[in-house]
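Take a look at the structure below.
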Amino acid sequence: MEAKADHRRQSSCFHSAVLLTSPMESSILAAARASVPATVFSPLSTSFPSRTAAAHRADGARPAARGAVRCSAAAQGSVLHRLGSADETFFNSSEVIQWESGKSINSIAAAQGIRIRRRCRPRYPSEGVGVDRAIPRNVLEQIVWDKEVDLSQRKAKMPLQRVVESAERAPPPRDFVAALDAARRRNGGLPALIAEVKKASPIKGLLREDFNPVEIARAYEKNGAACLSILTDEKHFLGSFENLETVRNSGVKCPLLCKDFVIDVWQIYYARSKGADAVLLIAAVLPDLDIKYMLRVCRSLGMMALVEVHDERELDRMLKIDGVQIIGINNRSLGTFEVDAANTNMLLEKHGDIIRKKRIMVVSESGLFTPHDVASVQNAGVSAVLVGESLVTQEDPGRAIAGLFGKELLH
């Protein structure tokens, strides 16, 4: 019984958060319901067939209900239809076929090198008992599990359609890439700066007591930052979407990156509604199908996606995906949170040629504290750096930019 319940939870999670996220879910259901009873297919219910019934391991027969997932058209008026995704690109993906055959979402992700497991449960792991109580393998897995709970609560209060409508009413996004390019030209080829508005981290704890996001953002912009990164995760980084919205409405002109742990397109639409011009997509968390779909959602909203990698396997995966324009190389392991500033140089030494051929902009993230650090990643070929801790911990975060680059930046 527990195995069946677990598969039902993962079935729901699959449609609502991981491989086929919420907007796609509604389109698939609308198209499928013409031939399949709604009770068989509702991703928010527990009425899915068990894995044994869904899989074709025993007799090789694909179940009719699951086959309906891979429909040939998106429903008129759905988010997927508006994205122009009526083709079978997503429905016939290898991930969907594997799931139809009975594989779990975690096994599908693991085959792509993703080590972060998904829980898909409505409570925090520390609050559960028995099988519902779990110990994460690392910091990132803990953050993702907590994010699943937080997101479930947010979606219950504000359904997807309302968030989509709010995002569509938001002022036009600002050009994130153009801002980075312009800053490089102004400063003689120095990497452009994405300065981070960050109050705390799960490892270092509180970074700044007198934290005023608007004052920090204005100081960054005044001292040459091209773009700003705003932490919105509340539980682990003491950030908020209110900070993002407040900075956007403060008169700051820099494009804004919503720095969150995105696991569902609901978060992308919500970030846009709050004024974000770009979002972070983490390859260590998201399967390829999620990345592809989320890139399409970003393009539909005029937003940019900073796709973050940590190692060579993740970089290889992202280089095979069309539409990736910015890759962030994080020098910090999100598993251990240890920093190795040479990570950017190592990955660019191995893959710099194909990155340049595809004209992908590279951002080096974490572990950058001195002009030597910046010069090192500049020589490796990065276009920008994303820096938070080494700035926000200084008495004057804006003036600290000159110390980071060894000179004042033009703005």
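The values are calculated or read from the model by the stated rules, or taken from the named source; none is laboratory data. Worth saying up front: this structure is predicted, and the values here are computed from it rather than measured. Don't worry about glycine lacking a Cβ; one is built from the backbone with ideal geometry, like all the others, and counts go over all protein chains shown. All accessible areas refer to the heavy atoms of the entire protein, side chains included, with ligands and DNA or RNA removed. Shrake-Rupley method; radii C 1.70, N 1.55, O 1.52, S 1.80 Å.
Of the residues Arg186, Arg174, which single one is within 19 Å of Gly328 (Cβ to Cβ), at pLDDT 95 or above and open to solvent by 60 Å² or more (accessible area, probe 1.4 Å)?
Working: Arg186 fails: within 19 Å of Gly328 (Cβ to Cβ).
Just one listed residue meets the conditions, Arg174.
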field: All helices (runs of 4 or more DSSP H) inside region 225-334 with 3 or more residues being more than 18 Å from Leu180 (Cβ to Cβ) and among the acidic types (Asp, Glu)
entry: 312-319
- prompt: Among the listed residues Gly328, Gly352, Gly398, which satisfies the condition of being of a type outside the set (Val, Ile, Thr), open to solvent by less than 10 Å² (accessible area, probe 1.4 Å) and within 19 Å of Ala219 (Cβ to Cβ)?
  reply: Gly398
- request: Please state which of the following conditions Ile203 fails to meet, knowing it meets all the rest: (1) buried (at least 19 other Cβ atoms within 10 Å of the Cβ); (2) aliphatic (A, V, I, L, M); (3) within 27 Å of Glu242 (Cβ to Cβ); (4) out of contact with any helix residue (DSSP H, G or I) (no Cβ under 6 Å at 6 or more places or on another chain).
  value: (1)
message: Among the residues of region 161-171, what is the count of those that are open to solvent by 30 Å² or more (accessible area, probe 1.4 Å) and under 19 Å from the mean Cα position of the chain (by Cα)?
response: 0
message: Being buried (at least 20 other Cβ atoms within 10 Å of the Cβ), of a type outside the set (Phe, Trp, Tyr), assigned to a loop (DSSP other than H, G, I, E, B) and free of Cβ contacts under 8 Å to residues at least 60 places away in the same chain is the requirement here; does Gly367 meet it?
response: yes
message: Considering only region 209-224, I want to know if a residue exists there that is buried (at least 24 other Cβ atoms within 10 Å of the Cβ), under 12 Å from the mean Cα position of the chain (by Cα) and β-branched (Val, Ile, Thr).
response: no
